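*Asks:* After the structure tokens below, expect a handful of questions from me.
The values are calculated or read from the model by the stated rules, or taken from the named source; none is laboratory data. On a predicted model such as this, the values are computed, not experimentally measured, just so you know. Note that we place each Cβ from the backbone using ideal geometry, even for glycine, and neighbour counts take in every protein chain shown.
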Amino acid sequence: MNHAALHVIESHTEGEPTRVVISGGPDLGAGPLSERALRLQRDHDWLRSTVCNEPRGHEAMVGALLCEPYEPDCVCGVIFFNNVSPLGMCIHGTIGLAVTLAHLGKISVGSHRIDTPVGVVTATLREDGSVEVANVPSYRTIADVTVNVPGHGTVRGHVAWGGNWFFLIDGQGPAVCHANLEELTAFAWSVRKELAAQGITGDQGMEVDHIEVFGPPTDPALADSRNFVLCPGKAYDRSPCGTGTSAKLACLHAAGKFKPGQTWRQAGILDTVFLGNIEELPDGRIVPRVSGRAWVNGESTYHFDPSDPFRYGIPTIL
Ligand code: PYC
């Protein structure tokens, strides 16, 4: 197997990296993005591994394959992936994609529909360079479920969809601060394993593969809450996690604690902040709108030397 050079543009969104593949990616054929994401995973996993794994990538890297859209009136389609698998949606990645498209001169200030494997989202590029993403409809599926976590006892949380499946824990486990990254990672990983062992899943048996732990904000004048999010490949989100913020808004709304017109300020582990507000849907779900900032910070061309044993990355072993 040998591939043409791959061209990528780098950005970070409130600390979390996004690497957009703008040329050299595989031909995934036509059809809905959900089908093309399955084809990417089944037949072309080298792309994900090349972009996200070492030696070019690292555990926190999120890749984004720019595609032709399937749904009408979209500026593009995108399939996100990380060090282990494709992602349903990714808001920090969509914010990164929007500033990348602006950098390439493909979009300007205004609203742009983007096709993803889990539905169409709308990215609004603002005059000040920030981006607001209207996410896919989000909802809480299970409230107040408990799991027994070795060393931590009974841990209570909610299961919610925000474009990925989340388990949300408030005020339990290690304190949510940067100094506790190792403890938080070990705690969240145990929670994820216990959820799977106890058969607690999202819709259609989908694994709850994002664990979100909440604590008080560092500065209540700047944020309402601070989170730690453990992603499927055991990397923590450096940003406040937009799909995790969407899941949080769905839980707050379901509990009657958040209404349209209010603003939620979600800080991440680095104390950068995403702002969130919601629109109510007649069926009880919400459309979260999450905004933040991203910066383009690099551009690369990847070459595939047949004599390089790691030209397609070093697989992540969890
Ligand atoms: O911002 O939605 C997000 C996200 C998901 C995984 C990493 N970031």
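*Asks:* Taking Ala197 as the residue in question, decide whether it is out of contact with any Phe, Trp or Tyr (no Cβ under 7 Å at 6 or more places or on another chain) and either among the acidic types (Asp, Glu) or more than 16 Å from the ligand (Cβ to nearest atom) (or both).
*Replies:* yes
*Asks:* Select, from Thr124, Thr94, the only residue that is touching a Ser or Thr at 6+ places or on another chain (Cβ under 6 Å), buried (at least 16 other Cβ atoms within 10 Å of the Cβ) and closer than 23 Å to Glu16 by Cβ.
*Replies:* Of the residues listed, the single one that is touching a Ser or Thr at 6+ places or on another chain (Cβ under 6 Å), buried (at least 16 other Cβ atoms within 10 Å of the Cβ) and closer than 23 Å to Glu16 by Cβ is Thr124.
*Asks:* Here's another thing I want to ask about it. Can you tell me which residue is surrounded by the fewest Cβ atoms within 10 Å (Cβ to Cβ) among those in the range 147-188 that are in a helix (DSSP H, G or I) and within 16 Å of the ligand (Cβ to nearest atom)?
*Replies:* Residue satisfying both the conditions and the ranking: Leu181.
*Asks:* For the structure I just gave you, tell me whether Leu230 is within 15 Å of the ligand (Cβ to nearest atom) and either under 25 Å from His58 (Cα atoms) or more than 16 Å from the chain's Cα centre (by Cα) (or both).
*Replies:* It is true that Leu230 is within 15 Å of the ligand (Cβ to nearest atom) and either under 25 Å from His58 (Cα atoms) or more than 16 Å from the chain's Cα centre (by Cα) (or both).
*Asks:* Just to check your reading of the model, which residue among Val118, Val149 is over 15 Å from the mean Cα position of the chain (by Cα) and among the β-branched types (Val, Ile, Thr)?
*Replies:* Result of the check over Val118, Val149: Val149.
*Asks:* Only one of Ala223, Ala255, Ala294, Ala250 is hydrophobic (A, V, I, L, M, F, W, C) and within 15 Å of the chain's Cα centre (by Cα). Can you tell me which?
*Replies:* Ala294
*Asks:* Hey, another quick one. Criterion first (closer than 24 Å to Phe80 by Cβ, away from the ligand (no atom under 16 Å from the Cβ), over 16 Å from the mean Cα position of the chain (by Cα) and surrounded by 19 or more Cβ atoms within 10 Å (Cβ to Cβ)) does Val191 satisfy it?
*Replies:* When the stated conditions are applied, Val191 passes them.
*Asks:* Residue under question is Val208, and the condition is that it be in contact (Cβ under 8 Å) with a residue 40 or more places away in the chain, within 19 Å of Pro86 (Cα to Cα) and more than 12 Å from the ligand (Cβ to nearest atom); does it hold?
*Replies:* Spelling it out, Val208 is indeed in contact (Cβ under 8 Å) with a residue 40 or more places away in the chain, within 19 Å of Pro86 (Cα to Cα) and more than 12 Å from the ligand (Cβ to nearest atom).
*Asks:* Here is a further query. Could you tell me whether the range 6-15 includes any residue that is farther than 25 Å from Asp203 by Cβ and not in a strand (DSSP E or B)?
*Replies:* yes
*Asks:* Now a separate question. Take the residues in the range 15-73 that are small (Gly, Ala, Ser), within 15 Å of Gly313 (Cβ to Cβ) and under 16 Å from the mean Cα position of the chain (by Cα); name whichever of them is surrounded by the fewest Cβ atoms within 10 Å (Cβ to Cβ).
*Replies:* Ala60
*Asks:* Conditions first: (1) in contact (Cβ under 8 Å) with a residue 60 or more places away in the chain; (2) farther than 30 Å from Gly205 by Cβ; (3) not in a helix (DSSP H, G or I). Arg140 passes all but one, so which condition is the exception?
*Replies:* (2)
*Asks:* Could you grab me the full set of residues in the range 143-156 that are at positive phi and either free of Cβ contacts under 8 Å to residues at least 24 places away in the same chain or in contact with an Asp or Glu (Cβ under 7 Å, 6 or more places away or on another chain) (or both)?
*Replies:* Matches in the range 143-156: Asp144, Gly153.
*Asks:* Kindly establish whether Ala235 is modelled with pLDDT of 95 or more and under 16 Å from Glu16 (Cα atoms).
*Replies:* When the stated conditions are applied, Ala235 passes them.
*Asks:* In the range 190-233, what residues are of a type in the set (S, T, N, Q) and assigned to a strand (DSSP E or B)?
*Replies:* Ser225, Asn227
*Asks:* Could you check how many residues of the range 220-235 are surrounded by fewer than 24 Cβ atoms within 10 Å (Cβ to Cβ) and closer than 15 Å to Thr185 by Cβ?
*Replies:* 4
*Asks:* Can Val99 be described as within 18 Å of Trp295 (Cα to Cα) and either crowded, with 16+ Cβ neighbours inside 10 Å or modelled with pLDDT under 95 (or both)?
*Replies:* Answer is yes for this residue.
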